[in-house]
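To start, the structure under review is shown below, and the notes come after it.
The values are calculated or read from the model by the stated rules, or taken from the named source; none is laboratory data. Because the structure is predicted, anything quoted here is derived from the model rather than measured. Counting neighbours? That spans all protein chains shown, and the Cβs are built from the backbone with ideal geometry, glycine included.
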Amino acid sequence: MFAASLSDRFRGLRDIELFADCTARDLRRLQSMTTKVKIEAGHVLCRQGEVGRECFVILSGEADVSVHGRHRTVGRGALVGEIALLTPGGRRTATVTALSEMSALVFSRTEFGQIMAGMPVVAHAILREATRRLVENNDEP
């Protein structure tokens, strides 16, 4: 069956916390709406203050996330760039730069909106993580 098949890159998504509770149907839906990209070390995925157009889920490699001069390294499973997509015309809250060669899933603003409206399990996980980071960034000196 056409719809029942999951590509190899999507079978492994359940070990990423964001997608851990997804059904096979959810994963097939994700497969149809995302793009997997390779990102070279040193590439800036997003810059603090710019309007957000997409978000990324890191599949391999590491990135530096800089918020007002504070740096944090993130890797497999990290979602970056999503906070700017939560409001129309939302701006980036961090600059994210690839520290190594990376592979990532990219969701456009439209695809992100479809996930938030149609995949409650993933939407709740995104909102929990975004809220956690916003509170954490606010609490840091």
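Tabulated data
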item: Residues located in region 17-40, provided they are closer than 25 Å to Gly89 by Cα and assigned to a loop (DSSP other than H, G, I, E, B); result: Thr34
item: Checklist (1) under 18 Å from Val135 (Cα atoms); (2) without any contact (Cβ under 8 Å) to a residue 24 or more places away in the chain applied to Pro120, failing item; result: (1)
item: When residues of region 95-113 are limited to those that are part of a strand (DSSP E or B) and of a type in the set (A, V, I, L, M, F, W, C), the one surrounded by the most Cβ atoms within 10 Å (Cβ to Cβ); result: Ala104
item: Members of region 115-137 found to be buried (at least 16 other Cβ atoms within 10 Å of the Cβ) and part of a helix (DSSP H, G or I), listed by number; result: Ile115, Met116, Val122, Ala125, Ile126, Glu129, Ala130, Arg133, Asn137
item: Residue match in region 41-63 (condition: among the aliphatic types (A, V, I, L, M), in a strand (DSSP E or B), closer than 20 Å to Thr131 by Cα and modelled with pLDDT under 95); result: no
item: Matching residues in region 64-90 - criterion: being within 15 Å of Glu129 (Cβ to Cβ) and not in a strand (DSSP E or B); result: Gly75, Arg76, Gly77, Ala78, Gly81, Glu82, Ile83, Ala84, Leu85, Leu86
item: Scope region 94-122; condition farther than 25 Å from Lys38 by Cα and aliphatic (A, V, I, L, M); matching residues; result: Ala117, Met119, Val121
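Residues are listed down the side, and each one gets a yes or a no for (1) within 21 Å of Arg14 (Cα to Cα); (2) touching a His at 6+ places or on another chain (Cβ under 6 Å); (3) touching a residue at least 24 places away in the same chain (Cβ under 8 Å):
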position	(1), (2), (3)
Lys38	yes, no, yes
Gly42	no, no, yes
Val67	no, no, yes
Thr110	no, no, no
Ile115	yes, no, yes
